[in-house]
1. Over 31 Å between Cα atoms, which of A:Lys527/A:Lys703; A:Lys113/B:Lys15; A:Lys17/A:Lys698 qualify?
2. So for segment B:6-208, what are the equivalent ellipsoid semi-axes in whole Å, largest first, each being the square root of 5 times an eigenvalue of the Cα gyration tensor?
3. Which residues in segment B:169-196 have a backbone N closer than 15 Å to a point placed 7 Å from the Cα of A:Asp180 along the Cα-to-Cβ line?
4. Under a Cβ-Cβ cut-off of 13 Å, what is the net charge of the residues other than A:Ala57 that fall near it, where Lys and Arg count +1 and Asp and Glu count -1?
5. Cα gyration tensor of segment A:214-271, axes a ≥ b ≥ c as square roots of the eigenvalues: rounded (a/c below 1.5), prolate (a/b > b/c) or oblate?
6. Excluding A:Ala101 itself, what net charge comes from residues whose Cβ is under 13 Å from its Cβ, given Lys and Arg +1 and Asp and Glu -1?
7. Ignore the peptide's own chain and count Cβ atoms of other chains within 10 Å of each Cβ in B:158-168; give me the average, rounded.
8. Order the peptides A:24-31, A:470-477, A:261-268, A:623-630 from the highest to the lowest mean number of other Cβ atoms within 10 Å of their residues.
Amino acid sequence: MHEAPKTLSSYREELDKALDDSFLRKTLDTFAVAYKANREAVFQQVNERDLIAKIAAAKDNAAQHMDELYEQFKREAEKRGVVVHRAATAAEANEIIARIAKENDVKKVVKSKSMTAEETQLNLRLEQDGLIVDETDLGEWIIQLRHEGPSHMVMPAIHLSRYQVADDFSKATGVKQDSDIQRLVKVARVQLRRKFIAADMGISGANFAVAETGAIATVTNEGNARMVTTLPRVHVALVGLDKLIPTLDEALNALLVLPRNATAQMLTSYVSWMDGAGPCASSPTGKKIMHVVFLDNGRSALAKDPLFSQVLRCVRCGACANVCPVFRLVGGHKMGYIYIGAIGLILTYFFHGRERAKVLAQNCVGCEACKNICAGGIDLPRLIREIRSRLNEEEGTPAEAALLSAVMKNRKMFHSLLKFAKFAQLPSTGGSQFQRHLPAIFLGKHGYKALPAIAAKSFRDRWKSIKPNLPNPRYRVALFAGCAQDFVYPEQLEACVKLLAAHNVDVEFPLEQSCCGLPLEMMGQRKTSIEVARQNIRAFDAGKYDAIITLCASCGSHLKHSYPHILEGTSGEAQRVNAFAGKIMDFSSFVHDVLGLTADDFVNKGEKVTYHASCHLCRGLGVKDAPRDLIRAAGEYLPSEEEEVCCGFGGTYSMKFPEISAQLLEKKLANVEATGATRLVVDCPGCIMQLRGGAEKKGSPLKVTHISELLAENMKR
Amino acid sequence: MSNVNPELVELFRTKAAVVGAKVVEAASMAEAARYVADVCASKDPCELLADEPDAEQGPLGPNKVPTRVKRIVAAPDLDAAAFGALAGDCEAKGFACIREGLRKHLAGIDVGVAQAVLGVADSGTCMVNSDDEETRLATMISEISVLILHKSAIRKDLPSIAADLRAQQSTGKPSYTAFITGPSRTADIERVSAIGVHGPLELHIILLED
């Protein structure tokens, strides 16, 4: 059993070790690529979005009626001879189950896989009473032999090689075992069959608890849950209250997504519906002794939380880990405490407490890959940011976050500091585009990329001289610059202005705008983030413009999707917030969808161009075709492998977890180089900072630019 | 033939094959019985995964445990006529054919037969009423599990069988209903797919004309 990390520095040491585990890296890499393709294939015959929305609505409804559903389930199950319990805490659930074992004179227990039993650490409690407890799911059995916790909710032993398993099995059986996987699986077949036969009590979890009939269902591939619930005379199911649903219809609907999301299967080998205590020849009464123990452990409180109640939609498919670029690098033991992946970071906070969650909750790069595939449509990245914000409220703000907050409250001070920084950095840049000699704070682990220099003249200081003057403009737009482009990459905005003006689009740049506030959110600084958001909304008179354009995908997705959330109920200006958010549009979409620019508008010199799809553009804003069409119009587009996987920037993430950020960057650049392109274009200055810095550090000739620069350079005059 | 939808039958066949089930057809229960006896005759001897004091033991199997000499076919939920036909075919080949007492053979039997209530074409799934412990064991402890499915009982997808599943759970008695989709499988070691970790090594589905 591993412990949750206590400090960021000790956590980073652990992450370092995980990054050096070449077997783990290779396994998870192969898995990530295969999973994506298999998942896509298996979702073709169903309407994914529609099903996810249905699951979300059904689970939300169930959470709101948790107590009634429990009562109904209890009534129905008791009619069918089942004893139903409700435990407020993990310890209470364990006590109930230990008591059932004692009352029935149980000596040996077999278990099928249950994350809920992992949550309560049930085995430890039962072993205290001298019971022999054997896991029977192959993966769970392996990790039990090794005294480890699961590294994935569905594939608990994914971190182990066949050789490690062969060693463990050799020890367990006293016979040297071959490392052939098919043979190893049969070793489990022989060994575990004997345990099923000898057991007095079987413990299972449940994927569904159906109130209308009092049935529980397990969704499995191996068939061990059927053995566990059939052969021993006693069956105890430990079930989270969140598994209660009103009717079979909700369960059948969820079954269309759960196996597809978990393992890219249409359906698992077995789904078992157990409704009541049926015949059991090994029981003295001829009837199964059946108990269902519902676990609360914070769930009923969660159900009442207006924001976090959506956590209860989780069906434990594990998909949020499957697509997480950080999980892919470091594995589940470093990406959760007991529950793994994005949902694990969140559940740790609620089920296992703040102390265990506070460091883990920092390890989300915010790429939104998980949000995009969650079976319950849970906004996982947002909830992780909210937890950071709660942690700061509960624990006090870390120094660097407090400093950032203090500076950002005052736009003028913030912008003056940024301008001052360009003088302060002179000795380290030698006046070039990069900081050649890193300031002390960036030494060591941060050396994987060259950091950009603050521009000599910010965009806001150039604005007066470049503002277009058009007598009869076709459209009128405002620019939201974002800090990176205003102060580091003003040329990207200039390219945009040049292109738009050439197509008779008038551009304004309201000077009172500030940082979008996303970095504050990432560091859990909610109060200042709200202040900054209100300031930005005041700076723009949204009604005046056809669109508010941003060239930063992260700013764009934050302004459009997060502002309405974080300002909800705080400003009393919902209309103004929505008007602002409604006008936000990314540069590529405006140029492609609104202006309708095509190959006819560009001189295509056949430049070989590849693309990195920024997380906040392709997932945050759902923009996929526009930039790719535009690249094809202005150059030769060479698609790259895993174009939509995060580059590792993640704003402040790359400062907290530079080792992970560096690995993501390396992988991204390798895929880019493999295309043979000479230029990489991106829709987000954050990614550019990461990718250009990485290419510079490697001495690669690759040119990394914003898509606006590609288009402005190649437009027909 | 009135209720058979050939498209659904075809879809079921394809999807069941994808998950590793062997799908065959039979015109009658008698033909199905012959198929079961033939399957039992041509398979490798069943391995005894645990002690079974009364079983005559043959040479060690691939997993270095003894094998069963007298083969066993179990078919607890067939009606008397169908069971009689199967028992006759088995007897002719020297196999035991049983319909109860499966707990005596938890070490493993050769073939277990059960009837499917319905099939789900989209995923190649059979729904089996296994309220009876013997039926359940027949689908669990057999090396080859044979399910008999009427072609007319094939439905499109999971949501369309809600009423049937509800009916299983509304008899006023405890119930245990299984959706079975292919043989027992795992990918828990290095994500390599392996068949038969706990349950059947093979799943055969006999599509029966009505």
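Computed from the coordinates by the stated procedures, all read-outs in this text should not be read as laboratory data. Please read all numbers here as calculations on a predicted model, not as lab measurements. Cβ: placed from backbone, ideal geometry, glycine included. Neighbour counts: every protein chain shown.
1. As for pairs spanning more than 31 Å Cα to Cα, those are A:Lys527/A:Lys703.
2. Values for segment B:6-208, descending: 27, 20, 17 Å.
3. B:194-195
4. Computed value for this residue: 0.
5. Judged from the Cα gyration tensor, segment A:214-271 comes out oblate (a/c at least 1.5, b/c at or above a/b).
6. For residues surrounding A:Ala101, the net value is +1.
7. So the per-residue partner count for this stretch is 5.
8. Listed from highest to lowest mean packing, they are A:261-268, A:623-630, A:24-31, A:470-477.
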